[in-house]
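Here the structure is laid out as structure tokens; the discussion comes afterwards.
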Amino acid sequence: KAGVTQTPRYLIKTRGQQVTLSCSPISGHRSVSWYQQTPGQGLQFLFEYFSETQRNKGNFPGRFSGRQFSNSRSEMNVSTLELGDSALYLCASTVGRNTGELFFGEGSRLTVL
Amino acid sequence: AQSVTQLGSHVSVSEGALVLLRCNYSSSVPPYLFWYVQYPNQGLQLLLKYTSAATLVKGINGFEAEFKKSETSFHLTKPSAHMSDAAEYFCAVSDVNSGYALNFGKGTSLLVTP
């Protein structure tokens, strides 16, 4: 069974640009969550999607958005990139009700110059 | 609001020695508690979880943790460290008030020396 797949694995952007990251969950998993990992702030929850609906949201500015498609695949978008957005963005999936037992992808490492 | 504190950002043990990684939590409602491990350049992998059943939880790779409500602790242990255990370990809490989003500690880097 394939794990959570995130693309791209690495990317470099400049300030002011926008970026879209993609996540394919484990087959049969309907909940997708996104986390940001930085050396300073650690792991922080961005949002969770279930059946194409945002079910939960962390404390991030509106520049961070996401969506989920009917096949459970998810994308997150960051607009007007800032240097501080440089981070590892981790996607995680679970079957249904999210209790914290998540299966994580390897992440997309974003560098903003 | 819930929170997690991991005592010791770096822990070093000898191969074969006991591993003890400390985690204390706060939550105003019954929590779910987790330990995740992250190897370099990889995502997180669930080691074990506490979800209000047995207080002593056994996980993968010989790790276990004990939920102690009176001490608000969920320390991770392994009787005998292996070189392959070197990694970053994260304790996390979730509960109904957070919509079950994981709130992670800052992590503990485990170094295993020969």
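Throughout, read-outs are computed from the coordinates displayed, never taken from laboratory work. Remember, it's a predicted structure, so these values are computed and weren't measured experimentally. Cβ coordinates were reconstructed from backbone atoms using ideal geometry, including for glycine residues, and neighbour counts include every protein chain displayed.
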- Message: Checking the cross-link filter: which lysines have an alpha carbon closer than 18 Å to that of B:Lys58, excluding same-chain neighbours under 8 positions apart?
- Response: B:Lys49, B:Lys68, B:Lys69, B:Lys78
- Message: Charges at C-beta only: +1 for Lys and Arg, -1 for Asp and Glu. How large is the resulting dipole of segment A:1-103 about its Cα centre, in Debye rounded to 20?
- Response: 140 debye
- Whole-Hz ³J(HN,Hα) from phi, Karplus 6.51 cos²θ - 1.76 cosθ + 1.60, for segment B:23-29, glycine and proline x: 9, 10, 10, 9, 7, 7, 10
- Query: To the nearest 20 debye, what is the magnitude of the charge dipole of the protein assembly as shown about its Cα centre, counting +1 on the Cβ of each Lys and Arg and -1 on the Cβ of each Asp and Glu?
  - Reply: 400 debye
- Which percent of Cα pairs goes in each bin when the distances of segment A:13-88 are cut into 10 angstrom slices starting at zero? 19, 51, 27, 4
- Convert each backbone phi in segment B:30-39 into a coupling constant with the Karplus relation 6.51 cos²θ - 1.76 cosθ + 1.60 (shift: θ = phi - 60°), then list the ³J(HN,Hα) values in order as whole Hz, x for Gly and Pro. x, x, 9, 10, 9, 10, 10, 10, 10, 8
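Given just the C-alpha atoms of the protein assembly as shown, how large is their convex hull per residue in cubic angstrom?
Values: hull volume 27.9 nm³, N = 227.
Considering the Cα atoms of the protein assembly as shown, their hull volume per residue is 123 Å³.
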- Counting DSSP beta bridges with both partners in the protein assembly as shown, what percentage is antiparallel, nearest 5? 90 percent
- Debye, to nearest 20: dipole size of segment B:41-114, +1 on Lys, Arg Cβ, -1 on Asp, Glu Cβ: 80 debye
- Task: Choose one of A:Ser51, A:Thr80, A:Gln36: the residue whose Cα lies farthest towards the positive end of the charge dipole of chain A (beta-carbon charges +1 Lys, Arg; -1 Asp, Glu; about the Cα centre).
- Result: A:Ser51
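Under the rule a/c < 1.5 gives rounded, and otherwise a/b versus b/c splits prolate from oblate, where does segment B:1-52 land using the Cα gyration tensor?
Numbers: a/c = 2.00, a/b = 1.59, b/c = 1.26.
The shape class here is prolate.
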- Dipole of chain B, positive end: most advanced residue of B:Ser109, B:Ala1, B:Ala86 [Cβ charges, Cα centre]: B:Ala1
- Item | Percent of alpha-carbon pairs separated by more than 19 Å within chain B | 40 percent
- Task: Take A:Thr5, project a point 7 Å from its Cα along the Cβ direction, then tell me which residues of segment A:62-97 have their backbone nitrogen under 15 Å from it.
- Result: A:71-75
- Whole-Hz couplings from phi, Karplus 6.51/-1.76/1.60, listed for segment A:28-34; x for Gly and Pro: x, 7, 10, 9, 10, 10, 10
- Would you please give the residues with an amide H less than 5 Å from that of B:Lys106, counting only those at least 5 places away or on a separate chain, with H modeled from the backbone geometry? B:Gln6
